[in-house]
1. Pairs needed: first member in region C:245-268, without any contact (Cβ under 8 Å) to a residue 24 or more places away in the chain; second member anywhere, basic (Lys, Arg) and open to solvent by 10 Å² or more (accessible area, probe 1.4 Å); C-beta distance under 7 Å; at least 6 residues apart or different chains.
2. Tell me, which residue of region D:55-74 that is part of a strand (DSSP E or B) and of a type in the set (A, V, I, L, M) is surrounded by the most Cβ atoms within 10 Å (Cβ to Cβ)?
3. Could you please find all residues in region C:234-265 being open to solvent by 20 Å² or more (accessible area, probe 1.4 Å) and over 22 Å from D:Gly291 (Cα atoms)?
4. Name the residue, out of D:Gly275, D:Gly268, D:Gly293, D:Gly256, that is within 14 Å of chain A (Cβ to nearest Cβ) and among the small types (Gly, Ala, Ser).
5. Restricting region D:58-80 to residues that are in contact with a Pro (Cβ under 6 Å, 6 or more places away or on another chain) and of a type outside the set (A, V, I, L, M), which is nearest to the other protein chains (Cβ to nearest Cβ)?
6. I'd like to know if region C:95-108 contains one or more residues that are over 20 Å from C:Ile355 (Cβ atoms) and modelled with pLDDT under 95.
7. Which one is farthest from the other protein chains (Cβ to nearest Cβ), of the residues in region C:208-219 that are out of contact with any Gly (no Cβ under 7 Å at 6 or more places or on another chain) and free of Cβ contacts under 8 Å to residues at least 60 places away in the same chain?
8. Is it the case, given these coordinates, that B:Ala143 is within 14 Å of chain C (Cβ to nearest Cβ) and of a type outside the set (Lys, Arg)?
Protein chains: 4
Amino acid sequence: MSKMRAAIFVEPGRIVLDEKPIPEIGPLDALVRISTTTICGTDIHILKGEYPVARGLTIGHEPVGTIEKLGSAVQGYREGQRVIAGAITPSGHSAACLCGAHSQDGAGTKHGWKAVGGWRFGNTIDGCQAEYVRVPDAMVNLAPVPDGLTDEQVLMCPDIMSTGFSAAERGKVRIGDTVAIFAQGPIGLCATAGAKLSGASTIIGVDRLPERLNMARKLGADHVVDFSKVDAIEEIMRLTDGRGVDVAIEALGTQGTFEACLRVLRPGGTLSSLGVYSSDLKIPLDAFAAGLGDHTIVTTLCPGGKERMRRLLSVVQSGRIDLQRMVTHRFKLDDIEAAYDLFSHQRDGVLKVAITP
Amino acid sequence: MSKMRAAIFVEPGRIVLDEKPIPEIGPLDALVRISTTTICGTDIHILKGEYPVARGLTIGHEPVGTIEKLGSAVQGYREGQRVIAGAITPSGHSAACLCGAHSQDGAGTKHGWKAVGGWRFGNTIDGCQAEYVRVPDAMVNLAPVPDGLTDEQVLMCPDIMSTGFSAAERGKVRIGDTVAIFAQGPIGLCATAGAKLSGASTIIGVDRLPERLNMARKLGADHVVDFSKVDAIEEIMRLTDGRGVDVAIEALGTQGTFEACLRVLRPGGTLSSLGVYSSDLKIPLDAFAAGLGDHTIVTTLCPGGKERMRRLLSVVQSGRIDLQRMVTHRFKLDDIEAAYDLFSHQRDGVLKVAITP
Amino acid sequence: MSKMRAAIFVEPGRIVLDEKPIPEIGPLDALVRISTTTICGTDIHILKGEYPVARGLTIGHEPVGTIEKLGSAVQGYREGQRVIAGAITPSGHSAACLCGAHSQDGAGTKHGWKAVGGWRFGNTIDGCQAEYVRVPDAMVNLAPVPDGLTDEQVLMCPDIMSTGFSAAERGKVRIGDTVAIFAQGPIGLCATAGAKLSGASTIIGVDRLPERLNMARKLGADHVVDFSKVDAIEEIMRLTDGRGVDVAIEALGTQGTFEACLRVLRPGGTLSSLGVYSSDLKIPLDAFAAGLGDHTIVTTLCPGGKERMRRLLSVVQSGRIDLQRMVTHRFKLDDIEAAYDLFSHQRDGVLKVAITP
Amino acid sequence: MSKMRAAIFVEPGRIVLDEKPIPEIGPLDALVRISTTTICGTDIHILKGEYPVARGLTIGHEPVGTIEKLGSAVQGYREGQRVIAGAITPSGHSAACLCGAHSQDGAGTKHGWKAVGGWRFGNTIDGCQAEYVRVPDAMVNLAPVPDGLTDEQVLMCPDIMSTGFSAAERGKVRIGDTVAIFAQGPIGLCATAGAKLSGASTIIGVDRLPERLNMARKLGADHVVDFSKVDAIEEIMRLTDGRGVDVAIEALGTQGTFEACLRVLRPGGTLSSLGVYSSDLKIPLDAFAAGLGDHTIVTTLCPGGKERMRRLLSVVQSGRIDLQRMVTHRFKLDDIEAAYDLFSHQRDGVLKVAITP
């Protein structure tokens, strides 16, 4: 049985590079040889023990690579093909999937719904920070990479591009909207780009790091607000001349940003939440108009599946936006522990790292 | 200047019947002679001083009556016509109205949005618990009552029918859904009826008063849950065989019911909130899947305007549902103080009272 | 190799009962022993040679039965379980499926879209008018029948109930709508029931056969129009007092009914088309307001998949509507040729036949 | 009574500049002094007698100007303010308006719906190719022009920008879609821009005039197809690798373009039609999958009202797109007959003309 290197969760505080057997595949699976992957903020939650996964699990959910081997029942692909798969790998046959809620895939459960059930890579099955990964339900999940696109150009598709765009989509951002995005980390930056692509005419990005605010401008923000220098709520109300925003996007996962979103919304507006929260949330009575403000709050987990990937790849291919510029640092898989160190401490203006086996 | 009787807010704890001048009308208004009106739970909030209104204001926002006089610019109506108007009387020309958000009508404000701005009767202008009421923007708000319908048959249209149905509409209840409605007061009962009309195949009503649970069954509940006898969340999970509900409707305005809604929702489900809350709300982290459950939370203020009223009247006329049975008590306007006393203390199994000048 | 009886398309004009091998199944399939099935209007098109299928194909796409055998990769079911499957059996993994357009499933095609591709039973693979049927992609398609429901109670779920309801769903029928349904055959009757379940307050059914108009009343029509006695368009305009309808449903597949739908629509209304047409359609300029009327035209092929079936089964189980009464005649599979004869000539007031092996 | 100059429809073939009284205004109206207006393709239909209007009517429906006088009941504006109004001027109070279908405004009719009823300027009331225009229902229709925008920058908002964008909006173009737009006249060019703003990743513009195809590229087309040189349907299928498009936009009003839209649509796709047709349309059976392809056809009349204008102005202000470049020729109002001559014959590569009194 051949071996490969993989980044493995050992215990809170420790993700290490180690050897594991190359995965075996079932009839509906594919084995993908990873050419590039990355580290996500969620992986840092795992590293810190804030999000529990099994010890020994391979981490990572953003695969770019090449088909090494196809399961016996998989049709429509060929070995050697360059592919990506989404961070979320739905089964395609659960009730959730058949309702279009692939991220809440409950395949194998009694009723077919399971909260966050579609997230398997690096969560409930071995992930992508390795030389190889087993992709389950390959016919649902593998998306060919168009010729001419580099690994780094498509590296954001599996997770942050899909997640960030979904904030605008679920928030129903439309032509002429005013949108505020709280936090301009990788997800928030992609939400900013998604709002731009959806036709918002006034986009306001909030953060405190200059390099992130700078990147926000490049990706679509008309205004940026440094919340370390001004009161973000007041500033947004000033920028909108007192009107507030149509859609407020939460891209951090804290009470402060959640609440700020509500406070800058116009009546009838939508709070589109992407953050992974770590404590109960409070909805302030006044910002909620006591429940009479026709508000909408939506939360979204990264949409996955090969068709989602195909659409995102087509956006990259069209040149509409360039997310490759978010790759600020590059590491070999052998040096992934250093990459975790850099990324988890947000050093050197890091936005995203590219990891190559 | 002629006088009329009207129920007037004097101070917290006191709504009294008094004399006032019959309202004068402007070019876009209508004067309506009230034939039947009612008392709403919101009026009790006003009575108790929990919702502030100006002293001297006439209370009430559910008018059934006859056009006494039309403003000079009003076309399409005739004096003597039987009409209703919604509890919410939008202007038709604000930005909010032009976006379809009539309840958040901001006519006269800088940007055209104002939280709860569409609610004027008995809130910001004199209301309907009187012999006459001035209906602003009459061409937007007056809906003729079809021949053959009695006052009591249409009495629920202006507020609780419109509000209750909107829970199902905004929650996007559709054929085959499972829906739970927390609290079966007048609004919750109408939400139950609205879920039935929207095609829900499993409807679960929650309350503790037997007469309300009984009425819930009549209006569409397949199951009723007495939360004073069983744990409502457990019971709903049992009734749904562990699946949870597609849409949970909050019809009371408390933390307990709000939170219970989240706890019985399947992943990807919708919490449709009607309640008027009186304190901050808490979203429990677990029930919210840490923000990753693809949840939707919507709040709705009673939809108004003549077209909304026309549609509701057509539902009454079709015999699809009978909300007249919710009228449990009848009073003359002269006795409205006694009606307030009964209604505010929920005595005698009261659901709704009919008040006739 | 065991044999079974099956209704086989021989040539235009001839569907005969013959012997065939019991189907073999692959890893994702299930073998279902049919306990009840039926004949659809589409089968008559096949019989007449108007819709081409391969010679030797087993006809029929409405299976009720018991799982005889499960493919090696199928999980979540057990042999002996009572199940139905939809007339449309999507793969779950095509681009179309991942977009929620399961009926246009293009599994195996280059881009994953294929017009009418989800319809396989009795079209591109052997169907259900037989003792056994192979159900492909069993985990996507098999829906357990709740205890206590008879075969005939659930017999309409696979096709006509799903199709009929979809007219209301795709037409976005909502509370208070006025809806006209042209033709009250089995599909049109189910569309009538679907409009009722969706909250339409005025439903107008059009046909000429008294038993169908009678059934239309039972299933939800407030008014019925016998087009052999009155001009249907004029009558609908009279019934709606000149307003026209919000949604017009075409349930026959002819130019006359399609055009009549457009002519009774109010501006901004929706034509929801279910019919299988056999020639080009004409859109009259005047009825289309020269393209400026904000009209919507939608066509829908029967939605399938196990979750759709589960939802429809829950409607049956709730007792909301009773479609069993549409079963007017019963035949043994051995007598299916007689059943075809009766059904194709619409004799004896036949609506639907139940066929039992 | 003061006089002004105005372009008046005399008879088919003749629109002439003449003198008329400056309009008088009612309590809800505003008098606007026109600073810039333009000629629309629809005006050419009127000129040719293809679209009938009353003799003596002032033509034109695209006003940019300054408030000269406000009706007695108009609030929220001031004289001297720079404003635009939409080509469509809804009343705000009809049933159609209250349903969000402002273009089908039936104010004054029995039921409140009237096909194309929202179009009044230069159709049922005097229009804008004059020194002054009366704007009805001013509070619904007047939108202030943000400081810093020139007349020509906002000149497309009232009609072609609103109409063109609506094709993408009603067609529900979303991130990653493939869209084809048939005809790249002013409306089609704006539809191209609208598809871009809505996130389409592959946009294909079809026309035969090089200057229009060139402009299409500037406004968002990734590919342009000259139908005089290649078969447009074949070319679009080639460009999409056989997949077809998600949304096809018709922007001309002919059978050929309408039919081509259907032929390039993938199953489940949407035909979004803007064209003003002049004869019955044919839907080919094959392109329509016999009614089983889950197709959607939507038609849209230019959305109007001040909130629509505000949103479009915000898009202009944001610099997202520059439609001013479509102004290819400029005329004084005194020379409007020459402008009609140029525009109606599409000479000199004309796209839009600016007319200044």
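The values are calculated or read from the model by the stated rules, or taken from the named source; none is laboratory data. Being a predicted model, the structure only gives us computed values, none of them experimental. A quick note on method: Cβ atoms are made from the backbone with ideal geometry, for glycine too, and the neighbour counts reach across all protein chains shown. Accessible surface areas use protein heavy atoms only, side chains included; no ligands, DNA or RNA. Shrake-Rupley method; radii C 1.70, N 1.55, O 1.52, S 1.80 Å.
1. Listed pairs, sorted by first residue: C:Arg266/C:Arg243.
2. In this case the residue turns out to be D:Val64.
3. Once the filter is applied, which keeps residues that are open to solvent by 20 Å² or more (accessible area, probe 1.4 Å) and over 22 Å from D:Gly291 (Cα atoms), region C:234-265 yields C:Glu234, C:Glu235, C:Met237, C:Arg238, C:Leu239, C:Asp241, C:Gly242, C:Arg243.
4. D:Gly268
5. Filtering first and then ranking leaves D:Ser72.
6. yes
7. That would be C:Pro210.
8. yes
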